[in-house]
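Below is one structure, written out as structure tokens; the observations come after it.
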Amino acid sequence: MRELPVQLATKLYGAAELIADQGLDNTKIDDIAEASGVPKATLYYYFTGKEEILAFLLKDLLTAIAGDVAVAVSAEGRASERLAGVVRAQLGVILRNPASCRALVGDLGRVTRLPELAAALSAAFYEPVEKLLREGAEDGSLRRAEDPMSEAVMIFGTVTIAGLMEAIMGAHREMDAIANGVARLLLDGLAPRSPGATGA
């Protein structure tokens, strides 16, 4: 894939919602050209086909997630506090890019078969969160995970679906309220509190 000019890349984001709504299999290059305003010939100059266009959109999304998650992971504080920051960071990216996130979830099977995207997703989220879970076991703020990588994958899924439901339903709750709710669920779980326990 050739390097895209910024102006062209910005226009291409207009196709994310189309791909999210129809799925990549039901979307034609002609549809992407119409939705983005980028001529079909130009698309073929930069991409070999629609799968590569989806890969570009998702890689860009994962780059944004990676940057925000890295800031949260490297912040000061106990691992549990930084994990809450990771939730907030990922939700922020999702709520700013709902169409790309819907496309990611809709074609997640395809994404995992594209080595470059699978590696980008792992580097953007799974690996930093796995490290954070291990650090939490060491500092005593999180229980020791039997399989930290699997738990990192589950956290990604939980946060992604929570953010997408908010974006799709359009309830317009404050991001902090959503993030706090998800973080509370992840950190406290669903088990009932013992008698006399306090907290939200």
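Cross-link reach is defined here as a Cα-Cα straight distance under 16 Å, omitting same-chain residues fewer than 8 places apart; for LYS40 the lysines meeting it are LYS11, LYS28, LYS50.
Sorted largest first by accessible area at a 1.4 angstrom probe radius, with every protein chain in place, the residues TYR45, TYR126, TYR13 fall in the order TYR45, TYR13, TYR126.
Ranking VAL38, ALA179, ILE161 by how far each Cα lies toward the positive end of the dipole of the chain (charges on Cβ) leaves ALA179 at the top. Accessible surface of LYS59, taken over heavy atoms with a 1.4 Å probe and every protein chain present, rounds to 90 Å².
The phi torsions of the stretch 73-82, fed into the Karplus equation with coefficients 6.51, -1.76 and 1.60 and a -60° offset, translate into couplings of 5, 8, 5, 6, x, 5, 4, 5, 5, 5 Hz, rounded to whole numbers, with Gly and Pro shown as x. Per-residue ellipticity at 222 nm computed for the chain from its helices equals -22000 deg cm²/dmol, with DSSP H segments shorter than 4 residues left out and the rest contributing -39,500 (n - 2.57).
Comparing SER122, SER80, SER141 in a Gaussian network model of the chain (Cα springs below 10 Å), the most mobile by mean-square fluctuation is SER141.
Axis angle, to the nearest 10 degrees, between helix 175-188 and the longest C-alpha principal axis of the chain: 50 degrees.
Normalised by the number of residues in the stretch 10-102, the mean separation of alpha-carbon contacts (under 8 Å, six or more apart) gives a relative contact order of 30 percent.
With protein chains left intact and a 1.4 Å probe, residues in the chain average 54 Å² of accessible area per residue. Give me the percent of accessible area attributable to carbon and sulfur for the chain, probe 1.4 angstrom. Taking all protein chains in place, the chain shows 54 percent carbon and sulfur surface. Packing order of peptides 21-29, 130-138, 61-69, highest average first: 61-69, 130-138, 21-29 (average count of other Cβ atoms within 10 Å over each peptide's residues). Taking every C-alpha pair closer than 8 Å and separated by at least 6 residues, the mean separation divided by the residue count of the chain gives a relative contact order of 21 percent. Ordered from highest to lowest accessible area with the whole protein assembly present and a 1.4 Å probe, GLU3, GLU52, GLU81 read as GLU3, GLU81, GLU52.
The values are calculated or read from the model by the stated rules, or taken from the named source; none is laboratory data. In this text, all values refer to a predicted model and were calculated from it rather than measured experimentally. Neighbour counts run over all protein chains shown; Cβ positions are idealised from the backbone, glycine included. Remember, those area values only see protein heavy atoms, side chains included, never the ligands or the DNA or RNA. Shrake-Rupley method; radii C 1.70, N 1.55, O 1.52, S 1.80 Å.
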